[in-house]
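First the structure, which I've put down as structure tokens, then a few questions once you've had a look.
The values are calculated or read from the model by the stated rules, or taken from the named source; none is laboratory data. Since this is a predicted model, take the numbers as computed values, not measurements. In this analysis, Cβ positions are derived from the backbone assuming ideal geometry, glycine residues included, and neighbour counts consider all displayed protein chains. All accessible areas refer to the heavy atoms of the entire protein, side chains included, with ligands and DNA or RNA removed. Shrake-Rupley method; radii C 1.70, N 1.55, O 1.52, S 1.80 Å.
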Amino acid sequence: MTVVQLSAELPEEVTHVFPLLHAPMTASVVRRRVRAVLTDWRLSAEVAEDVLLLASELLTNAITHALPPATLRLSQVLVDGLKAVHIEVTDAGPAAPADPPACGPDPDEHGRGIGIVMALSARYGVREHADGTSWWADVVVS
């Protein structure tokens, strides 16, 4: 597992924390807030879209499959000396499995999240801790 280190060269105010409600409208509300942060950070449109998609995947998984509370954190970090955005969602751990629907999940709608995370991030991982689980990904900016 890779440990992410914040750089002393980056300003203190680069971390943003978004509490996540376990409600259907949460993803769209948080995406708007994340977009505003990324605009303030003056990221390219391509990088901002990748970060938004990763944040959306991670937070949707936490809302759908985990116990509350959940939190999204965005930080600027260094990855192998390159500026990057660190996206991390922490939740209280997996929820008890619900009874599966009679017809099963639509494969066009579910099951691609980890593939998206792998494709768009420079590195990613998961950390289990006493209070739950943290899923994270880093997107290189420069």
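Which is among the small types (G, A, S) and more than 21 Å from G125 (Cα to Cα), of A45, A55, A84, A70?
Just a single option satisfies the conditions, and that option is A45.
Sort out which residues of the range 54-78 are open to solvent by 30 Å² or more (accessible area, probe 1.4 Å), more than 19 Å from A119 (Cβ to Cβ) and assigned to a helix (DSSP H, G or I), and write them in order of number.
Hits for the range 54-78 are I63, T64, H65.
Residue check, T2 against (1) modelled with pLDDT of 95 or more; (2) in a loop (DSSP other than H, G, I, E, B); (3) of a type in the set (V, I, T), all met but one. Which one?
Among (1) modelled with pLDDT of 95 or more; (2) in a loop (DSSP other than H, G, I, E, B); (3) of a type in the set (V, I, T), the lone unmet condition for T2 is (1).
May I ask you to say which residue of V51, V34, V30, V17 is exposed (fewer than 13 other Cβ atoms within 10 Å of the Cβ), at pLDDT 85 or above, touching a strand residue (DSSP E or B) at 6+ places or on another chain (Cβ under 8 Å) and of a type in the set (A, V, I, L, M, F, W, C)?
V17
Residue under question is V126, and the condition is that it be at pLDDT 95 or above and within 14 Å of the chain's Cα centre (by Cα); does it hold?
Here the answer is no, as V126 does not meet what is asked.
Let me ask something else about it. Just give me the residues in the range 111-142 being more than 12 Å from A84 (Cβ to Cβ), in contact with a Lys or Arg (Cβ under 9 Å, 6 or more places away or on another chain) and of a type outside the set (V, I, T), in sequence order.
Matches in the range 111-142: S134, W135.
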